1. Could you grab me the full set of residues in the stretch 240-255 that are part of a helix (DSSP H, G or I) and either at pLDDT below 95 or surrounded by 15 or more Cβ atoms within 10 Å (Cβ to Cβ) (or both)?
2. Need the failing condition index for residue 127 against (1) crowded, with 17+ Cβ neighbours inside 10 Å; (2) touching a residue at least 40 places away in the same chain (Cβ under 8 Å), just the number.
3. For the stretch 140-169, how many residues are within 13 Å of the ligand (Cβ to nearest atom), in a loop (DSSP other than H, G, I, E, B) and either touching a helix residue (DSSP H, G or I) at 6+ places or on another chain (Cβ under 8 Å) or under 14 Å from residue 105 (Cα atoms) (or both)?
4. Across the stretch 147-173, which residue is nearest to residue 131 (Cα to Cα) among those that are in contact (Cβ under 8 Å) with a residue 40 or more places away in the chain and surrounded by fewer than 20 Cβ atoms within 10 Å (Cβ to Cβ)?
Ligand code: 13P
């Protein structure tokens with residue numbers, strides 16, 4: 001069933017675990033994720049980058065996400081990831097999103113607060129919670145990371161915006177890490193304490209060593225994003241099928257193996273973050 005962001009994050013907070021949030025790109029990746037969530041009886045977030053929302057792809061994939069959520073026996077939130085402005089937020093809501101991220105992390109703190117509060121008020125009017133970001137989570141290809149999220153600034157941000165959950169920079173980055181990251185777990189605890197326990201979000205979930213993911217969840221991470229792993233797993237599955245002499249070129253049959261590969265990845269991540277068996 002489709003649920004909103006605050007409901008699904010509330011489940012994780014009440015149970016001290018983390019919701020896996022999978023970035024999807026086509027119907028096949030939606031199918032892989034939802035099959036895993038059903039099998040593991042896990043609540044999941046399925047999210048779209050704003051690029052897909054701005055291009056034609058979102059128009060076709062959003063209904064697939066909503067269909068998956070409607071059919072599923074587990075809670076599913078359809079979330080906009082890294083919304084850069086009100087335009088993408090409105091488009092995502094029109095496509096049926098039940099969770100919104102507004103990312104003002106490259107702006108000044110005052111501007112980020114003003115933009116995020118505006119989106120929180122707007123989405124709140126229709127009962128939808130918002131994820132904000134403070135401390136910009138960049139790419140593994142950036143020359144350097146920005147300064148890690150400051151607990152004091154996070155406290156002000158949370159108080160003045162009313163976000164449902166907060167993405168933080170604690171040594172994480174988007175993409176395949178060139179060497180394993182070293183997450184600042186003490187900072188996760190300090191941000192939780194300073195903010196009165198706001199649920200925290202870990203972006204860049206592909207390739208973080210399992211022990212660090214578990215330590216981050218124990219310290220207060222309640223949503224972890226996984227994007228690059230979904231892409232690579234789907235692409236690997238496609239190449240494996242292409243190289244299989246017994247393959248069928250009927251595209252629906254061709255896609256069965258890539259879908260199964262995405263399902264296996266999603267099952268692994270669901271178990272890693274402790275979301276299995278939590279749907280009720
Ligand atoms: P990865 O692509 O590194 O898994 O990060 C995904 C993400 O954080 C999406 O916002």
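1. 241, 254
2. Every listed condition holds for residue 127 apart from (1).
3. Here the count works out to 1.
4. Applying the filter and picking the extreme gives 162.
The rows are residues; the columns are (1) free of Cβ contacts under 8 Å to residues at least 12 places away in the same chain; (2) away from the ligand (no atom under 16 Å from the Cβ); (3) part of a helix (DSSP H, G or I).
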{"site": "65", "(1), (2), (3)": "no, no, yes"}
{"site": "73", "(1), (2), (3)": "no, yes, no"}
{"site": "87", "(1), (2), (3)": "yes, yes, yes"}
{"site": "133", "(1), (2), (3)": "no, no, no"}
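The values are calculated or read from the model by the stated rules, or taken from the named source; none is laboratory data. This is a predicted model, so every value here is computed, not measured. Heads up, the Cβs are rebuilt from the backbone with ideal geometry, glycines too, and the neighbour counts pull from every protein chain shown.
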